[in-house]
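Q: I'd like to ask some things about the structure below.
The values are calculated or read from the model by the stated rules, or taken from the named source; none is laboratory data. Computed from a prediction, not measured in an experiment: that's the story for all the values here. In this analysis, Cβ positions are derived from the backbone assuming ideal geometry, glycine residues included, and neighbour counts consider all displayed protein chains. Please note that ligands, DNA and RNA were not included when accessible areas were found on the heavy atoms of the full protein model with its side chains. Shrake-Rupley method; radii C 1.70, N 1.55, O 1.52, S 1.80 Å.
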Amino acid sequence: MTKRLEGKVALVTGAGTGIGAATAECFAREGATVVLCGRRQGPLDEVVARIKAFGGRAEAVSCDVSDEAGFTQAIEAAAERHGSLDILVNNAMAFTWNAIEATSTEEWHANFATSVDGTFWGTRAAMKLMKARGGSIVNLSSICGLLGTPYMAGYSAAKAAIINFSRAAAAEGAAQGIRVNVVIPAVVETPGTAGMLTDPEARRKTEALIPMKRVGQPDELAKAILFLASDEASYITGAALPVDGGRTAVLTTALE
(Lines give C-alpha, C1' and ligand atoms only; values in the text may rest on other atoms or scores of the structure.)
Protein backbone atom coordinates (compact mmCIF):
# COMPACT_ATOMS: atom_id res chain seq x y z
CA MET A 1 0.00 0.00 0.00
CA THR A 2 1.25 3.48 -0.87
CA LYS A 3 2.03 5.61 2.13
CA ARG A 4 -0.48 8.42 2.37
CA LEU A 5 2.05 11.23 2.78
CA GLU A 6 4.89 9.91 0.62
CA GLY A 7 6.90 12.81 -0.80
CA LYS A 8 5.19 15.41 1.40
CA VAL A 9 6.92 17.89 3.69
CA ALA A 10 5.06 18.60 6.92
CA LEU A 11 5.71 20.99 9.78
CA VAL A 12 4.11 20.32 13.18
CA THR A 13 4.18 22.79 16.06
CA GLY A 14 4.13 21.76 19.69
CA ALA A 15 5.67 18.51 18.51
CA GLY A 16 7.74 17.58 21.54
CA THR A 17 4.97 15.87 23.50
CA GLY A 18 1.34 14.82 23.40
CA ILE A 19 -0.76 15.28 20.29
CA GLY A 20 2.02 17.05 18.40
CA ALA A 21 4.54 14.27 18.99
CA ALA A 22 1.99 11.58 18.06
CA THR A 23 1.14 13.50 14.88
CA ALA A 24 4.78 13.86 13.87
CA GLU A 25 5.37 10.12 14.33
CA CYS A 26 2.16 9.27 12.47
CA PHE A 27 3.10 11.51 9.55
CA ALA A 28 6.60 10.03 9.37
CA ARG A 29 5.21 6.48 9.28
CA GLU A 30 3.08 7.58 6.34
CA GLY A 31 6.14 8.73 4.41
CA ALA A 32 6.33 12.47 5.14
CA THR A 33 9.48 14.40 5.92
CA VAL A 34 8.51 16.01 9.20
CA VAL A 35 9.85 19.23 10.72
CA LEU A 36 9.10 19.27 14.43
CA CYS A 37 8.82 22.68 16.08
CA GLY A 38 8.68 23.49 19.78
CA ARG A 39 10.25 25.63 22.46
CA ARG A 40 12.25 22.86 24.16
CA GLN A 41 14.93 21.14 22.11
CA GLY A 42 15.22 18.06 24.32
CA PRO A 43 11.73 16.63 23.83
CA LEU A 44 11.88 17.40 20.09
CA ASP A 45 15.14 15.49 19.77
CA GLU A 46 13.61 12.50 21.55
CA VAL A 47 10.72 12.35 19.09
CA VAL A 48 13.08 12.71 16.14
CA ALA A 49 15.16 9.82 17.50
CA ARG A 50 12.04 7.62 17.70
CA ILE A 51 11.13 8.52 14.14
CA LYS A 52 14.59 7.80 12.80
CA ALA A 53 14.63 4.48 14.67
CA PHE A 54 11.85 3.17 12.42
CA GLY A 55 13.40 4.67 9.28
CA GLY A 56 11.40 7.90 9.13
CA ARG A 57 12.64 11.32 8.09
CA ALA A 58 12.47 14.14 10.63
CA GLU A 59 14.31 17.11 12.05
CA ALA A 60 13.83 19.27 15.13
CA VAL A 61 13.68 23.06 15.06
CA SER A 62 13.49 25.03 18.28
CA CYS A 63 11.15 27.99 17.93
CA ASP A 64 8.43 29.85 19.82
CA VAL A 65 5.25 30.24 17.77
CA SER A 66 4.37 33.38 19.75
CA ASP A 67 7.45 35.04 18.19
CA GLU A 68 6.19 36.26 14.82
CA ALA A 69 9.56 36.77 13.14
CA GLY A 70 11.13 33.61 14.53
CA PHE A 71 8.19 31.35 13.69
CA THR A 72 7.76 32.76 10.19
CA GLN A 73 11.47 32.35 9.50
CA ALA A 74 11.38 28.75 10.75
CA ILE A 75 8.59 27.88 8.32
CA GLU A 76 10.23 29.60 5.38
CA ALA A 77 13.61 28.02 6.12
CA ALA A 78 12.08 24.54 6.38
CA ALA A 79 10.40 24.95 3.01
CA GLU A 80 13.67 26.13 1.48
CA ARG A 81 15.64 23.20 2.92
CA HIS A 82 13.17 20.57 1.77
CA GLY A 83 11.92 22.14 -1.44
CA SER A 84 8.32 22.74 -0.37
CA LEU A 85 5.83 22.87 2.46
CA ASP A 86 2.82 20.64 1.85
CA ILE A 87 1.30 20.35 5.33
CA LEU A 88 1.22 22.59 8.38
CA VAL A 89 -0.25 21.51 11.72
CA ASN A 90 -0.76 24.38 14.15
CA ASN A 91 -0.90 22.43 17.39
CA ALA A 92 1.05 24.55 19.90
CA MET A 93 -1.03 26.11 22.67
CA ALA A 94 -0.82 27.90 26.00
CA PHE A 95 -3.43 28.84 28.54
CA THR A 96 -4.08 30.59 31.84
CA TRP A 97 -6.51 29.46 34.53
CA ASN A 98 -8.43 32.02 36.58
CA ALA A 99 -11.84 33.52 37.27
CA ILE A 100 -12.72 36.32 34.85
CA GLU A 101 -12.80 38.98 37.57
CA ALA A 102 -9.31 37.93 38.70
CA THR A 103 -7.79 37.65 35.22
CA SER A 104 -5.32 40.36 34.32
CA THR A 105 -5.06 41.81 30.85
CA GLU A 106 -1.64 40.20 30.55
CA GLU A 107 -3.09 36.78 31.41
CA TRP A 108 -5.92 37.30 28.93
CA HIS A 109 -3.52 38.16 26.13
CA ALA A 110 -1.30 35.19 26.97
CA ASN A 111 -4.04 32.83 25.80
CA PHE A 112 -4.03 34.41 22.36
CA ALA A 113 -0.29 34.87 21.77
CA THR A 114 0.39 31.19 21.09
CA SER A 115 -2.98 29.76 20.12
CA VAL A 116 -4.40 32.52 17.92
CA ASP A 117 -1.45 34.69 16.90
CA GLY A 118 0.73 31.65 16.28
CA THR A 119 -1.98 29.98 14.22
CA PHE A 120 -2.44 33.18 12.20
CA TRP A 121 1.28 33.67 11.59
CA GLY A 122 1.78 30.02 10.69
CA THR A 123 -1.23 29.95 8.37
CA ARG A 124 -0.21 33.19 6.68
CA ALA A 125 3.32 31.95 6.02
CA ALA A 126 2.11 28.56 4.83
CA MET A 127 -0.48 30.00 2.46
CA LYS A 128 2.20 32.10 0.78
CA LEU A 129 4.34 29.00 0.28
CA MET A 130 1.48 26.72 -0.77
CA LYS A 131 -0.30 28.96 -3.28
CA ALA A 132 1.68 27.66 -6.25
CA ARG A 133 0.94 23.95 -5.66
CA GLY A 134 -1.70 23.67 -2.95
CA GLY A 135 -1.42 22.16 0.49
CA SER A 136 -3.18 21.31 3.72
CA ILE A 137 -3.32 23.20 7.00
CA VAL A 138 -4.80 21.58 10.11
CA ASN A 139 -5.39 23.80 13.12
CA LEU A 140 -6.05 22.48 16.62
CA SER A 141 -8.89 23.96 18.62
CA SER A 142 -10.49 22.49 21.75
CA ILE A 143 -13.84 21.50 23.15
CA CYS A 144 -13.41 24.67 25.20
CA GLY A 145 -13.89 26.61 21.97
CA LEU A 146 -17.38 25.11 21.60
CA LEU A 147 -18.61 24.96 25.21
CA GLY A 148 -18.30 27.47 28.01
CA THR A 149 -15.60 26.50 30.51
CA PRO A 150 -15.42 28.17 33.93
CA TYR A 151 -12.06 29.70 34.85
CA MET A 152 -10.79 29.27 31.28
CA ALA A 153 -12.46 32.21 29.56
CA GLY A 154 -9.30 33.34 27.77
CA TYR A 155 -8.43 29.87 26.51
CA SER A 156 -12.04 29.23 25.48
CA ALA A 157 -12.19 32.49 23.55
CA ALA A 158 -8.87 31.79 21.84
CA LYS A 159 -9.87 28.29 20.79
CA ALA A 160 -13.22 29.55 19.48
CA ALA A 161 -11.36 32.15 17.42
CA ILE A 162 -9.27 29.43 15.78
CA ILE A 163 -12.39 27.71 14.44
CA ASN A 164 -13.78 30.75 12.66
CA PHE A 165 -10.36 31.99 11.54
CA SER A 166 -9.85 28.61 9.89
CA ARG A 167 -13.17 28.89 8.05
CA ALA A 168 -12.11 32.25 6.65
CA ALA A 169 -8.70 30.86 5.66
CA ALA A 170 -10.40 27.90 3.97
CA ALA A 171 -12.57 30.24 1.93
CA GLU A 172 -9.56 32.29 0.85
CA GLY A 173 -7.28 29.34 0.10
CA ALA A 174 -9.71 27.11 -1.77
CA ALA A 175 -9.03 28.59 -5.21
CA GLN A 176 -5.30 27.86 -4.80
CA GLY A 177 -5.91 24.28 -3.66
CA ILE A 178 -5.09 25.11 -0.04
CA ARG A 179 -7.33 23.27 2.40
CA VAL A 180 -7.74 24.49 5.97
CA ASN A 181 -9.50 22.36 8.58
CA VAL A 182 -9.79 22.12 12.36
CA VAL A 183 -9.57 19.20 14.78
CA ILE A 184 -11.34 19.70 18.11
CA PRO A 185 -10.10 17.48 20.95
CA ALA A 186 -11.76 17.08 24.33
CA VAL A 187 -9.68 15.68 27.21
CA VAL A 188 -6.64 13.80 25.88
CA GLU A 189 -4.08 11.96 27.98
CA THR A 190 -0.98 14.12 27.58
CA PRO A 191 1.63 15.65 29.89
CA GLY A 192 -0.59 18.75 30.02
CA THR A 193 -3.49 16.82 31.55
CA ALA A 194 -1.42 14.51 33.75
CA GLY A 195 -2.00 16.58 36.87
CA MET A 196 -5.75 16.07 36.57
CA LEU A 197 -5.89 12.54 35.23
CA THR A 198 -3.49 11.00 37.75
CA ASP A 199 -6.02 11.76 40.47
CA PRO A 200 -8.43 8.78 40.39
CA GLU A 201 -11.50 10.76 41.46
CA ALA A 202 -10.86 13.58 38.99
CA ARG A 203 -10.36 11.05 36.22
CA ARG A 204 -13.57 9.22 37.13
CA LYS A 205 -15.58 12.44 37.05
CA THR A 206 -14.03 13.46 33.74
CA GLU A 207 -14.71 10.13 32.09
CA ALA A 208 -18.29 10.07 33.41
CA LEU A 209 -19.04 13.10 31.21
CA ILE A 210 -17.80 11.37 28.06
CA PRO A 211 -20.23 8.99 26.32
CA MET A 212 -17.38 6.60 25.48
CA LYS A 213 -16.40 6.66 29.19
CA ARG A 214 -12.70 7.27 28.62
CA VAL A 215 -10.34 10.09 27.72
CA GLY A 216 -8.69 10.25 24.32
CA GLN A 217 -5.19 9.13 23.43
CA PRO A 218 -2.74 11.27 21.41
CA ASP A 219 -2.56 8.73 18.55
CA GLU A 220 -6.34 8.90 18.14
CA LEU A 221 -6.08 12.62 17.53
CA ALA A 222 -3.08 12.10 15.26
CA LYS A 223 -5.07 9.77 13.02
CA ALA A 224 -7.80 12.38 12.56
CA ILE A 225 -5.19 15.03 11.77
CA LEU A 226 -3.56 12.64 9.30
CA PHE A 227 -6.85 12.12 7.48
CA LEU A 228 -7.50 15.85 7.09
CA ALA A 229 -3.90 16.47 6.03
CA SER A 230 -3.90 13.71 3.43
CA ASP A 231 -5.31 13.58 -0.08
CA GLU A 232 -8.06 11.32 1.25
CA ALA A 233 -9.68 14.56 2.44
CA SER A 234 -9.19 16.31 -0.91
CA TYR A 235 -12.75 17.73 -0.97
CA ILE A 236 -12.84 18.74 2.70
CA THR A 237 -12.04 22.31 3.70
CA GLY A 238 -13.44 24.63 6.32
CA ALA A 239 -14.50 21.67 8.47
CA ALA A 240 -14.28 21.52 12.26
CA LEU A 241 -14.06 17.89 13.39
CA PRO A 242 -14.67 17.01 17.05
CA VAL A 243 -12.57 14.05 18.18
CA ASP A 244 -13.96 13.84 21.67
CA GLY A 245 -15.53 10.47 22.47
CA GLY A 246 -18.96 12.01 21.90
CA ARG A 247 -18.60 14.72 24.52
CA THR A 248 -20.08 17.52 22.39
CA ALA A 249 -22.89 15.28 21.13
CA VAL A 250 -24.74 15.29 24.44
CA LEU A 251 -26.27 17.85 26.76
CA THR A 252 -25.70 15.62 29.77
CA THR A 253 -24.63 12.08 30.58
CA ALA A 254 -26.12 12.05 34.07
CA LEU A 255 -28.58 9.32 33.11
CA GLU A 256 -26.84 5.98 32.62
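Q: Normalising by the residue count of the range 70-126, find the relative contact order in percent from Cα pairs under 8 Å and 6+ residues apart. Could you put the intermediate results ahead of the total?
A: Details: 36 pairs, mean separation 28.9, N = 57.
Relative contact order here is 51 percent.
Q: Right, next: Would you mind working out the magnitude of the charge dipole of the range 82-218 relative to its Cα centre, with +1 at each Lys and Arg C-beta and -1 at each Asp and Glu C-beta, to the nearest 20 Debye?
A: Dipole of the range 82-218, to the nearest 20 debye: 580 debye.
Q: Also: Excluding ligands, DNA and RNA, what is the solvent-accessible area per residue of the range 9-243 at a probe of 1.4 Å, expressed in Å²?
A: 45
Q: For the cross-link pairs 159/213; 8/205; 128/213; 8/213, which exceed 31 Å when the distance is taken from alpha carbon to alpha carbon?
A: Checking Cα-Cα distances, 8/205; 128/213; 8/213 exceed 31 Å.
Q: What is the distance in Å between the Cα centroid of the range 1-66 and that of the range 148-210?
A: Here the two parts' Cα centres lie 21 Å apart.
Q: Among 206, 185, 235, which residue has its Cα furthest toward the positive end of the charge dipole of the range 184-237, with +1 on Lys/Arg Cβ and -1 on Asp/Glu Cβ?
A: Farthest along the dipole direction, towards plus: 206.
Q: Still on this model: So what's the angle, to the nearest 10 degrees on a 0 to 90 scale, between helix 218-229 and the longest Cα principal axis of the chain?
A: With both axes taken from Cα atoms, the answer is about 50 degrees.
Q: Measure off 7 Å from each Cα along the Cα-to-Cβ vector at residue 49 and residue 80, then give the distance between these two points in nanometres to one decimal.
A: Distance between label points: 3.0 nm.
Q: Under the rule of at least 5 residues apart or a separate chain, name every residue whose amide H is placed under 5 Å from the amide H of residue 63.
A: 38, 39
Q: Here is a follow-up. Treating only the Cβ atoms of Lys and Arg (+1) and Asp and Glu (-1) as charged, compute the dipole magnitude of the range 139-256 about its Cα centre; round to the nearest 20 debye.
A: 200
Q: Would you mind getting the Kirkwood hydrodynamic radius of the range 43-119 from its Cα pairs, rounded to one decimal in Å?
A: 14.7
Q: Taking the Cα centre of the chain as origin, work out the dipole magnitude from +1 charges on Lys and Arg Cβ and -1 charges on Asp and Glu Cβ, in debye rounded to 20.
A: So the dipole magnitude of the chain works out to roughly 620 debye.
Q: May I pose another question? Can you run phi through the Karplus equation (6.51, -1.76, 1.60; θ = phi - 60°) for the range 72-87 and list ³J(HN,Hα) in whole Hz, with x for Gly and Pro?
A: Values per residue, Gly and Pro as x: 4, 5, 5, 5, 5, 5, 5, 5, 5, 5, 9, x, 5, 10, 9, 9 Hz.
Q: If I take every Cα pair under 8 Å that is 6 or more residues apart in the range 9-243, average their sequence separation and divide by the length, what percent do I get for the relative contact order?
A: Rounded, it is 20 percent for the range 9-243.
Q: Counting alpha carbon pairs within less than 8 Å and at least 6 residues apart, what relative contact order, in whole percent, applies to the range 148-228?
A: After rounding, I find 23 percent.
Q: In deg cm²/dmol and to the nearest 500, what is the mean residue ellipticity at 222 nm of the chain if only DSSP H runs of at least 4 residues count, each as -39500 (n - 2.57), divided by the residue total?
A: -13000 deg cm²/dmol
Q: Using Cα atoms only, what is the angle between the long axis of helix 153-173 and the major principal axis of the chain, expressed in degrees (0 to 90) to the nearest 10?
A: The angle comes out at about 30 degrees.
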